[in-house]
Amino acid sequence: MYEIWLVMNIVYEIALGIWPLLALLLIVWLGMLVAARGRMGMRQATRAALLGLVVAVALFFSVPTLTQSSFANMGYWVDWANLLAVALGLGALAAMFSLPLFGLTASRR
């Protein structure tokens, strides 16, 4: 349990250091949602979800290499939980940002 608390504290401290960038990304995302309102349907949501899934799977297999590690070094369940959380979190972020983009490129009916 200590390891999970430690990871949450590390993520919080990183977020404190880059909060202006996170605030800007939130404003951009909200602006894209407002611009795409009325154009986002089930087709765009499905495309965004598939893109998020592809990003999550790609990150699951590439994050250990990108951090100069490997699957062989992951012997503890917390390592696997962190890898899964990173992959799913960034996959969800990709889906969240791609949904309004898919809506903006959709034709109006």
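The values are calculated or read from the model by the stated rules, or taken from the named source; none is laboratory data. Computed from a predicted structure; not experimentally measured. Counting neighbours? That spans all protein chains shown, and the Cβs are built from the backbone with ideal geometry, glycine included. Areas reflect the complete protein model, heavy atoms only, side chains present, ligands, DNA and RNA absent. Shrake-Rupley method; radii C 1.70, N 1.55, O 1.52, S 1.80 Å.
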Search result, residues across the range 29-41 that are open to solvent by 70 Å² or more (accessible area, probe 1.4 Å) and modelled with pLDDT of 90 or more:
LEU30, VAL34
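Out of all the residues in the range 54-63, which are of a type outside the set (A, V, I, L, M), open to solvent by 60 Å² or more (accessible area, probe 1.4 Å) and touching a residue at least 24 places away in the same chain (Cβ under 8 Å)?
Going through the range 54-63, the residues of a type outside the set (A, V, I, L, M) turn out to be 60-62.
Checking which are open to solvent by 60 Å² or more (accessible area, probe 1.4 Å) leaves us with 61.
Those that are of a type outside the set (A, V, I, L, M), open to solvent by 60 Å² or more (accessible area, probe 1.4 Å) and touching a residue at least 24 places away in the same chain (Cβ under 8 Å): none in the range 54-63.
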Filter the range 26-56 for residues that are assigned to a helix (DSSP H, G or I) and among the basic types (Lys, Arg); which is farthest from ALA94 (Cα to Cα)?
ARG43
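Answer yes if at least one residue in the range 63-86 is in a loop (DSSP other than H, G, I, E, B) and hydrophobic (A, V, I, L, M, F, W, C), and no otherwise. It would help to see each step written out before you state the result.
First, pick out the residues of the range 63-86 that are in a loop (DSSP other than H, G, I, E, B): 67-70, 74-76.
Filter again for hydrophobic (A, V, I, L, M, F, W, C), leaving 74.
Yes, the range 63-86 has at least one match.
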So, of the residues in the range 74-109 that are small (Gly, Ala, Ser) and buried (at least 17 other Cβ atoms within 10 Å of the Cβ), which turns out to be farthest from GLY31 (Cα to Cα)?
ALA87
From the options LEU66, LEU51, LEU6, residue that is out of contact with any Lys or Arg (no Cβ under 7 Å at 6 or more places or on another chain) and buried (at least 16 other Cβ atoms within 10 Å of the Cβ)
LEU51
So the check is Cβ under 8 Å with 6+ separation or different chains; which pairs have a first residue in the range 1-17 that's modelled with pLDDT of 85 or more and a second one that's part of a helix (DSSP H, G or I)?
ALA15/LEU22
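So, of the residues in the range 87-109 that are in a helix (DSSP H, G or I) and of a type in the set (Ser, Thr, Tyr), which turns out to be farthest from ARG39 (Cα to Cα)?
Just the residues of the range 87-109 that are in a helix (DSSP H, G or I), to begin with: 87-105.
So of that shortlist, the ones also of a type in the set (Ser, Thr, Tyr) come out as 98, 105.
Numbers: SER98: 13, THR105: 9 Å.
Across the range 87-109, the extreme among qualifying residues is SER98.
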